[in-house]
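First the structure, in the form of structure tokens, and then the observations on it.
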Amino acid sequence: MSLPHVGIAGAGLAGRLLAWRLLRRGVRVSLFDAGARDDRGSAGPTAAAMLSPTAELAAADAHIHELGMRSLGLWAHWLRALQAQTGIDVYFRREGTLVVAHAPDRGALAHYTGLLRAHLPPHEVAGSLRALDAAGIAQLEPLLEGRFADGVFLPQEGQLANDQLYAALACALDDGLRACAGVWHEHCPIDSLQGRALLARDGARHEFDVAVDCRGVGARGDIDGLHGVRGEVLTVHAPWLSLRRPVRLIHPRYALYVAPRPGGRFIVGATELDSEDDGPITLRSSLELGSALYSLHPEFGEARVVRLAAALRPALPDRAPIAALDGGGTWRVNGLFRHGYLIAPAVVAAAERGIADSLGLPRALDEELAHAA
Ligand SMILES: Cc1cc2nc3c(=O)[nH]c(=O)nc-3n(C[C@H](O)[C@H](O)[C@H](O)COP(=O)(O)OP(=O)(O)OC[C@H]3O[C@@H](n4cnc5c(N)ncnc54)[C@H](O)[C@@H]3O)c2cc1C
């Protein structure tokens, strides 16, 4: 009996994760991407990949928080499974997030904390948020000793290294595709999806048992209201400085975060501009990010800039994700906006379950999906 065949347009965060999950369910998968597997121009490889279910409540609703909390559990299982399959240990930490503000911005910090308190489910407030004084800040992050008098600790939060995740998924996909005679079509833009068919720019029509659109902002025009929100980040190398966890700086002009990565690197981000311009980072944005980083600690002044990057986050008007079959019979997984890493496992698990049901596959009993229920 031949295996059911699923065609996925877009091999970014959502497309890679979904392809990997379906391959584990014994489905044959083929992937199509406009770029090469190691291109870094889309949102997935540009992101800071912070997993911030509490901090995001300042800009997102309770649904995103809930998807994020579920996804944190799923990431732990999925990354363990990925490591067992590929030998690649993706950097994943749950050491919380530290939020600080300079003395003149104390009011902005109080406002921010008030927003989080107001949006957190009441029974989660105590475990999700802890006010800190200067000593508490120094105890968590010795680098910041003496620099800030007030802060807030968000202990539930985490982060992962997206470059390692992309590499691990590519490795697992290569194995899985080889085993099922699936193909990863690089440099193969898909112009549209019609029912169970993918229409490639080169004129080819590829038919599948199920077709899934994971093109991020590349699906503009096919999903009502889908648009790009520009984000810019700076990566610096400063191996003599150390942070254990992401630090957010509350500032009335710009919201800065610094996410530490293995090897002495720090991702500094991110702007959020209502623009679909996907050109290189502007001088203004790099100055703002750089000066905010310098104000966190002047020793960052000697850090080496290793990357300046910009990409478009795929957003729907209600800022909520979709993982659903559309009226024409195509699956659409999109709208991950600024919290793709935070919520992707729960969103992808929902698509995985729906596609598996439509193909008549048995319900997965594995613990890797249990947290998504
Ligand atoms: C600056 C920045 C910082 C971010 N920080 C965070 C963070 O800290 N935490 C967090 O949770 N999220 C963060 N995000 C959001 C996260 O990166 C996105 O939500 C996520 O990457 C969206 O995943 P996606 O698979 O839908 O789209 P993408 O990751 O953009 O992938 C889309 C894929 O589709 C391909 N494609 C596009 N058009 C076509 C076409 N026509 N045919 C075939 N393939 C096509 C692209 O090449 C790409 O591979 C950030 C994003 C940005 C830009």
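The values are calculated or read from the model by the stated rules, or taken from the named source; none is laboratory data. The structure presented is a predicted model; accordingly, all values stated were derived computationally and were not measured. Positions of Cβ are backbone-derived with ideal geometry, glycine not excepted, and every protein chain shown enters the neighbour counts.
If you take just the strands (runs of 3 or more DSSP E) that sit entirely in the stretch 187-267, which of them hold at least 1 residues that are within 10 Å of the ligand (Cβ to nearest atom)? By residue number, 190-194, 197-200, 210-213, 227-237, 256-261.
Listed by first and then second residue, the pairs linking a residue in the stretch 58-71 that is more than 12 Å from Gln156 (Cα to Cα) to a residue that is among the acidic types (Asp, Glu) and in a helix (DSSP H, G or I), with Cβ atoms under 7 Å apart and 6 or more places separating them unless they lie on different chains, are Ile64/Glu56.
Against the definition (small (Gly, Ala, Ser), more than 8 Å from the ligand (Cβ to nearest atom) and out of contact with any Gly (no Cβ under 6 Å at 6 or more places or on another chain)), how does Ala11 come out, yes or no? Answer is no for this residue. Just one residue in the set Arg24, Arg28, Arg40 is more than 7 Å from the ligand (Cβ to nearest atom), closer than 26 Å to Glu276 by Cβ and of a type in the set (Lys, Arg); that residue is Arg40. Scan the stretch 314-342 residue by residue and report those that are within 11 Å of the ligand (Cβ to nearest atom) and in contact with a Ser or Thr (Cβ under 9 Å, 6 or more places away or on another chain). His339, Tyr341, Leu342, listed by residue number.
Assess whether Gly146 counts as being out of contact with any strand residue (DSSP E or B) (no Cβ under 6 Å at 6 or more places or on another chain) and part of a loop (DSSP other than H, G, I, E, B). Yes, satisfied. Being aliphatic (A, V, I, L, M), modelled with pLDDT under 95, away from the ligand (no atom under 11 Å from the Cβ) and touching a helix residue (DSSP H, G or I) at 6+ places or on another chain (Cβ under 9 Å) holds for only one residue in Ala103, Ala59, Ala108, Ala81, and it is Ala59. Every test in (1) at negative phi; (2) crowded, with 20+ Cβ neighbours inside 10 Å is passed by Gly216 save one, and that test is (1).
Residue by residue, here is whether (1) of a type in the set (Val, Ile, Thr); (2) touching a strand residue (DSSP E or B) at 6+ places or on another chain (Cβ under 6 Å); (3) closer than 30 Å to Arg16 by Cα holds:
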| residue | (1), (2), (3) |
| --- | --- |
| Ala47 | no, no, yes |
| Ile64 | yes, no, yes |
| Gly87 | no, no, yes |
| Pro122 | no, no, no |
| Ala135 | no, no, no |
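Please work out if Ser71 is in the same structural domain as Asn334 (by TED's automatic domain parsing), assigned to a strand (DSSP E or B) and small (Gly, Ala, Ser). The answer is no for Ser71. Criterion applied to Ala118, Ala179, Ala108 was being part of a helix (DSSP H, G or I) and closer than 29 Å to Leu13 by Cβ, and the one residue passing it is Ala179.
Can you confirm whether the stretch 350-372 contains a residue that is closer than 30 Å to Ser2 by Cβ, in a helix (DSSP H, G or I) and within 13 Å of the ligand (Cβ to nearest atom)? There is at least one residue in the stretch 350-372 that is closer than 30 Å to Ser2 by Cβ, in a helix (DSSP H, G or I) and within 13 Å of the ligand (Cβ to nearest atom). The condition of being farther than 30 Å from Thr235 by Cβ and either touching a residue at least 60 places away in the same chain (Cβ under 8 Å) or touching a helix residue (DSSP H, G or I) at 6+ places or on another chain (Cβ under 7 Å) (or both) holds for only one of Gly195, Gly151, Gly158, that being Gly195. Of the residues contained in the stretch 294-308, one or more are found to be within 14 Å of the ligand (Cβ to nearest atom), touching a residue at least 40 places away in the same chain (Cβ under 8 Å) and outside the structural domain of Ala43 (by TED's automatic domain parsing).
The residues of the stretch 86-105 that are under 24 Å from the mean Cα position of the chain (by Cα) and outside any loop (DSSP other than H, G, I, E, B), listed by number, are Thr86, Phe92, Arg93, Thr97, Leu98, Val99, Val100.
Filter the stretch 226-259 down to the residues that are free of Cβ contacts under 8 Å to residues at least 60 places away in the same chain and under 20 Å from the mean Cα position of the chain (by Cα), then identify the one that is surrounded by the most Cβ atoms within 10 Å (Cβ to Cβ). By that ranking, first place goes to Val258.
The rows are residues; the columns are (1) touching a residue at least 12 places away in the same chain (Cβ under 8 Å); (2) surrounded by 24 or more Cβ atoms within 10 Å (Cβ to Cβ); (3) more than 23 Å from Glu352 (Cα to Cα).
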{"position": "Val29", "(1), (2), (3)": "yes, yes, no"}
{"position": "Arg37", "(1), (2), (3)": "yes, no, no"}
{"position": "Arg40", "(1), (2), (3)": "yes, no, yes"}
{"position": "Pro53", "(1), (2), (3)": "yes, yes, no"}
